[in-house]
Amino acid sequence: MGVEVVVDGLSKSFGKQTIWRDVTLTLPPGEISVLLGPSGTGKSVFLKSLVGLLKPEHGRIVITGTDIVRCSEHKLYDVRKLFGVLFQDGALFGSMNLFDNIAFPLREHTKKGEAEIRRIVLEKMEMVGLIGAEKKLPGEISGGMRKRAGLARALVLDPEIILFDEPDSGLDPVRVAYLNQLIVDLNAQIDATFLIVTHDIGTARTVPDNIGMLFRRELVMFGPREVLLTSTEPVVEQFLMGRREGPIGMSEEKDAGQAAAELAALRAGGSSGTLGGPKGGGGTGIVPQLEPTPGLPIRRAVERRKDRVMQILHTLPPTAQDAIVNSLTREEQQHYGVFAGATQVQPPVQTATANHGPRPTPYPRTADLPQTEWQPQSGALTADDAPAAAPEPGRKRGWLRRGGEK
Ligand SMILES: Nc1ncnc2c1ncn2[C@@H]1O[C@H](COP(=O)(O)OP(=O)(O)OP(=O)(O)O)[C@@H](O)[C@H]1O
Ligand SMILES: [Mg+2]
């Protein structure tokens, strides 16, 4: 099983430029998490911080009991061996053929003999569908093949944690679909902890167990996929729908008043807003998660995640609770002592008196939440960050602050 990555109060700046501050999240062992965010919000900086290539000024990153922000170089070297990283551009050596590129970490970090190296390299090349291409140079193969070669290289040291920086960029939609399936299949086979940075909404909607989002130097959300996918936050909706209108601007820093005016016009039907559309097909709402190819093992993380999420269910927003409960089988609902009742499956009203008094709560809902795993962790978003437009009736302002204000 992959290892847990605990990020606590992490902040990173370059000179006077704050990239993000007070980022807190936990990557659950063996689960697939996705990190979204507009360009330039520091997603790649975050991945580089996780492997210790960049040093955040504040906070901790705890992996197998070691805080890699403060540990010795020697200790960091050890912890790094747990990681496999697929960089944004594949980062292959142009003068080495694919075999030697993929063998590189084994030759560099282990004392294995050539026969064993050959066995491991061919096994990983087979996993990513590259058998037969051992002698090709990176310049002689397609972008999709380079990504898969980068992935094979990330796998050779049997990592417990794999970081993917935009594995799908530059690929056509069919190749993205294959790559997504490959990621899910790999997770089923090796049960490592995955973190994927992507701009592809189709990937974000179908691959991960958990989704987070960076925006305006904050981690605005992180938690079970159902939280972000059912969120009505303007920034989340804008991102998932690939709209121009909303808080995200071309340079990221859109004026809050302008964002509010655009959203108001959009809601009044003044603009389609989705010229070009989002990468990977936009949309909000839950779609089924990809499953491993038939014949492969099941993802062990799925059952573990179910137990984990059911423990924090009462801390999640009602829409996410409903989506999670509705995704369970009847047996699972019985097992966890919940039933789908809030939106989709309403208990029939038997008598006139049944309408009196509040309907029984199908599972615990907490009005005033303490700080929880899925909430924006820094709590620093203020009313100024949200559009000034009045919320629709019955719609809660979803930015949660530290301390639980809704
Ligand atoms: N080594 C560095 N020194 C100084 N500034 C840096 C360094 N690396 C990144 N930055 C700055 O940090 C910010 C975030 O960069 P990063 O590459 O993490 O963005 P990103 O979210 O990955 O964007 P994209 O989606 O376009 O890949 C940018 O303003 C970038 O210029
Ligand atoms: Mg990047």
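Here, each number is a calculation from the coordinates, and none is a lab measurement. Fair warning: this is a prediction, and the values are worked out from it, not measured in the lab. Positions of Cβ are backbone-derived with ideal geometry, glycine not excepted, and every protein chain shown enters the neighbour counts.
Tabulated data
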{"read-out": "Where labels lie 7 Å past Cα in the beta-carbon direction, separation of His58 and Asp172 in nm", "value": "4.9"}
{"read-out": "Label-point separation in nm, Gln17 to His314, each point 7 Å along Cα→Cβ", "value": "4.6"}
{"read-out": "Ranked packing of 203-209, 73-79, most packed first, by mean Cβ within 10 Å", "value": "203-209, 73-79"}
{"read-out": "Local net charge near Ala340, Cβ-Cβ under 12 Å (Lys/Arg +1, Asp/Glu -1)", "value": "-1"}
{"read-out": "Packing-based order for 215-221, 126-132, 165-171, using average beta carbon neighbours within 10 Å, highest first", "value": "215-221, 165-171, 126-132"}
{"read-out": "FRET E, pair Gln88, His335, Förster distance 56 Å, beta-carbon r, rounded to 0.05", "value": "0.85"}
{"read-out": "Cut-off 12 Å between beta-carbons: net charge of the residues surrounding Ala192, Lys and Arg +1, Asp and Glu -1", "value": "-3"}
{"read-out": "Mean separation of Cα contacts under 8 Å, 6 or more apart, over the residue count of the stretch 5-219: relative contact order %", "value": "32"}
{"read-out": "Protection-proxy order for peptides 146-155, 16-25, 51-60, each taking the mean of Cβ atoms within 10 Å per residue, highest first", "value": "146-155, 16-25, 51-60"}
{"read-out": "Dipole in debye (nearest 20) - the stretch 1-128, about Cα centre, beta carbon charges: Lys, Arg +1; Asp, Glu -1", "value": "320"}
{"read-out": "The stretch 5-219: Rg to Rh, with Rh as the Kirkwood radius over Cα pairs", "value": "0.96"}
{"read-out": "Spatial separation of Cα centroids for the stretch 58-132 and the stretch 197-254, in angstrom", "value": "30"}
{"read-out": "FRET efficiency, Glu126 to Glu303 (Cβ-Cβ, R0 25 Å, nearest 0.05)", "value": "0.35"}
{"read-out": "Euclidean distance of C-alpha centroids, the stretch 159-192 and the stretch 299-341, integer Å", "value": "26"}
